[in-house]
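A short write-up of the structure that comes next.
The values are calculated or read from the model by the stated rules, or taken from the named source; none is laboratory data. Quantities reported herein were computed from a predicted structural model and do not represent experimental measurements. Neighbour counts are summed over all protein chains in view; Cβ atoms, including those assigned to glycine, are modelled from backbone coordinates with ideal geometry. Ligands, DNA and RNA are stripped out before the accessible areas are found, and what is left, the full protein with its side chains, is counted by its heavy atoms. Shrake-Rupley method; radii C 1.70, N 1.55, O 1.52, S 1.80 Å.
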Amino acid sequence: MAGGLGCVVVLSAMLLGTAGAEQRYLWTDEEGMPHFTKDAPGKSISYQMVTVPDGIDWRRRPAMSPEVPAERKLSSQELFKQVSGSVVWVESETKDWAAGKSTSYGSAVAISDDLALTNCHVLGSGQGTLRVGADKENSTEDVELAAADFDADRCVLHVKGLKLQPVRGIRLINNLDVGETVYAIGNPRGLRRTISQGLVSGVRDLADARFVQATAAISPGSSGGGLFDTRGNLVGITAFTLAESQQLNFAVPAEDFWK
Amino acid sequence: MAGGLGCVVVLSAMLLGTAGAEQRYLWTDEEGMPHFTKDAPGKSISYQMVTVPDGIDWRRRPAMSPEVPAERKLSSQELFKQVSGSVVWVESETKDWAAGKSTSYGSAVAISDDLALTNCHVLGSGQGTLRVGADKENSTEDVELAAADFDADRCVLHVKGLKLQPVRGIRLINNLDVGETVYAIGNPRGLRRTISQGLVSGVRDLADARFVQATAAISPGSSGGGLFDTRGNLVGITAFTLAESQQLNFAVPAEDFWK
Amino acid sequence: MAGGLGCVVVLSAMLLGTAGAEQRYLWTDEEGMPHFTKDAPGKSISYQMVTVPDGIDWRRRPAMSPEVPAERKLSSQELFKQVSGSVVWVESETKDWAAGKSTSYGSAVAISDDLALTNCHVLGSGQGTLRVGADKENSTEDVELAAADFDADRCVLHVKGLKLQPVRGIRLINNLDVGETVYAIGNPRGLRRTISQGLVSGVRDLADARFVQATAAISPGSSGGGLFDTRGNLVGITAFTLAESQQLNFAVPAEDFWK
């Protein structure tokens, strides 16, 4: 993959047959939620310029794996053994005239042997190199953006350089019970496949999108990681946390990536 | 209810036959604990002036619901279904000459069809409008202060405009086991009926009062919400958290509202 | 114990037959991890000078209690009853020319009736008084440093003035499952024997040492406390947490104190 994410983004936008690419401002509001806007945020807010293709589409739309049924509940150890292999490492290296080279870490979750869901804000400016893999050592740069809806922070990566381990099933949001146990697995602060446990607190409408709220601990670097139910179904992609709060954490519903 | 909480406080103070009302300083110490003091706090600490009636009393003292017995343990989903309806939304709008209108959110827990326990510091300055309900849309301004002990941060609301769903039982503090599982349900950051799980760490004497310490996550707006045991009994009213710490959270014992 | 920790450190260094004592800089990096270095940290970082004996050794090496087997799982209440008595209070009073007297609180875990494991950074500068006990009221100053490896933050206290309650067993790190439930018990913010629950996220190599990563909540003052598995085995000594994160917490493996 020559030229890094920037080229990939433009290329995939063309492959998708969309009208083209545009520049967006990526920034985080005071509550902690990321936004991609066409206009610059307020003066005191720092932002990043991002190259964004229009619309969302899949070059190769995978089937949505059916939900693993309720009776097949796993212990927290079994769950980690069975699903953590689907959570991959995402490293985005950005070259900047002023600040030099900066590397950010995030997560993604495999839904087939070559497609992985993540949050778009994990991918950085689109001006550097993107690496995906089990960890830093076992990773590939042969990655393209397969689909993207930046407004909803839903991005799909096509990982060609590695064979991924897909999740067991996708949980439908209408079946979700408030109070049920969930697990977050991601790479917070670069700590590979960190697992935490919590409860679902509901599905919330925030900024024109719906999110699963849960208390399972996440931290910077968990973005793009998986929120799983006790059967190992993927519930959502852990996206952000409210600032100055205790585990008011939010995930983009996995199901919504097939919208 | 014309005139908002300020009038109510004075009115209920008269109804209670107490000597009158006084002004107190409401502020939070560096650890995060709220205080209502007669003297101003130190220079660098921001505070709010609050109209406070003397003493604590009930205009209509409800029976204290007996504890649901130990064998009737609920799953976290069942618990949410059975008790979350007792946790109500409290919105306090304050008009201020300097700062204009500000709205703060909190929680309260119903113990009968028209009485709800909360923390006094949720009620704001007593100079604006108070709304109570299931959420912002389904709420009433027909609310009065039924009883108050500001020193202990225990306030009881008489909600006349709505029929409340009382909790199933009140847990006696002497029966509480350190290490047992508890759930917090409240409206942190305005997120209606958010549930979290944790363990009881003990009953602590702090600043001349006793509090239940537990690790169930709470955040600003959880104040006045409920801490429940695994049978759905109300253990306490979630009141504050220690600053710069991980879930060192404290609740006013529910039982102490009947002192 | 006349003269406090400073004298003890020198004395025990001599008793251990090591080459002597040296001065180290104790400071915390931007991630939150404590270090004892021979050179001063960067200009903007505050530090404490600490008297450090060379090497690690035991004056009286206790047997390592075998692991309690997997089938003897305890509830969180039973666990607290059985193991919390092994977690002791550590108070270190430091006299400083400039700042006057300052007291810091921490934790330690008994592994025999007179030896307790802790983190070296809990012990302070070695220039004041050290007290160990069930709490502030039931404590002794008759304490010596029995062994120390400051680079690995592993210190062992010989508590002569009190009879300690040893832990039931020591968990071997190779047997640890990612995703298994663990409990932290310590004295965060001086709150005696606070218990929290979480999951193991793995064993990590950080700064030339291995640590158990877990989500059980810890806070300042938890340092030196115990991380226990569901059978009551001591897994590790809770040492530090990553800054600006949700429960990315680390413990020194208990087993490594016998290295």
Any residue at all in the stretch C:241-248 that's of a type in the set (Ser, Thr, Tyr), within 14 Å of chain A (Cβ to nearest Cβ), in a strand (DSSP E or B) and under 23 Å from residue C:124 (Cα atoms)?
yes
Yes/no for residue A:222 being polar (S, T, N, Q), within 26 Å of residue A:93 (Cβ to Cβ) and open to solvent by less than 10 Å² (accessible area, probe 1.4 Å)
yes
Test: residue A:219 is farther than 20 Å from residue A:257 by Cβ, of a type in the set (Gly, Ala, Ser), within 14 Å of chain B (Cβ to nearest Cβ) and outside any loop (DSSP other than H, G, I, E, B)
no
Selection within the stretch A:71-95 - in a helix (DSSP H, G or I) and of a type outside the set (D, E, K, R)
A:76, A:77, A:79, A:80, A:82, A:83, A:84, A:85, A:86
From the set of residues in the stretch B:30-60 that are of a type in the set (S, T, N, Q) and within 21 Å of the chain's Cα centre (by Cα), which is modelled with the lowest pLDDT?
B:51
Which of (1) within 14 Å of chain A (Cβ to nearest Cβ); (2) closer than 24 Å to residue B:242 by Cβ; (3) open to solvent by 10 Å² or more (accessible area, probe 1.4 Å); (4) not aromatic (Phe, Trp, Tyr) does residue C:230 not meet, given it meets every other one?
(2)
Unmet requirement for residue B:125, which otherwise passes all of (1) polar (S, T, N, Q); (2) over 25 Å from residue B:57 (Cα atoms); (3) in a loop (DSSP other than H, G, I, E, B):
(2)
Only residues that are closer than 30 Å to residue C:181 by Cβ and free of Cβ contacts under 8 Å to residues at least 60 places away in the same chain: list them for the stretch A:52-94, please.
A:71, A:75, A:77, A:78, A:81
Please verify whether residue C:210 is over 25 Å from residue A:198 (Cα atoms), within 14 Å of chain A (Cβ to nearest Cβ) and over 12 Å from the mean Cα position of the chain (by Cα), treating the condition exactly as stated.
yes
Any chance you could count how many residues in the stretch B:129-144 are more than 24 Å from residue B:233 (Cα to Cα) and either among the aliphatic types (A, V, I, L, M) or within 11 Å of the chain's Cα centre (by Cα) (or both)?
2
If you go through the stretch B:112-128 one residue at a time, do you hit one that is over 20 Å from residue B:258 (Cβ atoms), more than 17 Å from the chain's Cα centre (by Cα), at pLDDT 85 or above and open to solvent by less than 40 Å² (accessible area, probe 1.4 Å)?
no
In the stretch B:14-29, the residues that are in a loop (DSSP other than H, G, I, E, B) and either more than 21 Å from the chain's Cα centre (by Cα) or at pLDDT below 85 (or both)
B:16, B:17, B:18, B:19, B:20
Would you confirm whether any residue within the stretch B:173-184 is farther than 30 Å from residue A:216 by Cα and either modelled with pLDDT under 95 or over 13 Å from the mean Cα position of the chain (by Cα) (or both)?
yes
Name the residues in the stretch C:42-70 that are part of a strand (DSSP E or B) and among the aliphatic types (A, V, I, L, M), would you?
C:49, C:50, C:52
Output the residues belonging to the stretch B:74-102 that are modelled with pLDDT of 80 or more, of a type outside the set (Phe, Trp, Tyr), open to solvent by less than 60 Å² (accessible area, probe 1.4 Å) and more than 19 Å from residue B:159 (Cβ to Cβ).
B:74, B:75, B:76, B:77, B:79
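Return the residues of the stretch C:179-192 that are at the interface with another protein chain (Cβ under 7 Å from one of its Cβ atoms) and more than 16 Å from residue A:198 (Cα to Cα); say none if nothing qualifies.
C:188, C:189, C:191
Of all residues in the stretch B:193-207 being among the aliphatic types (A, V, I, L, M) and under 12 Å from residue B:249 (Cα atoms), which is farthest from the other protein chains (Cβ to nearest Cβ)?
Only one residue fits best here, namely B:203.
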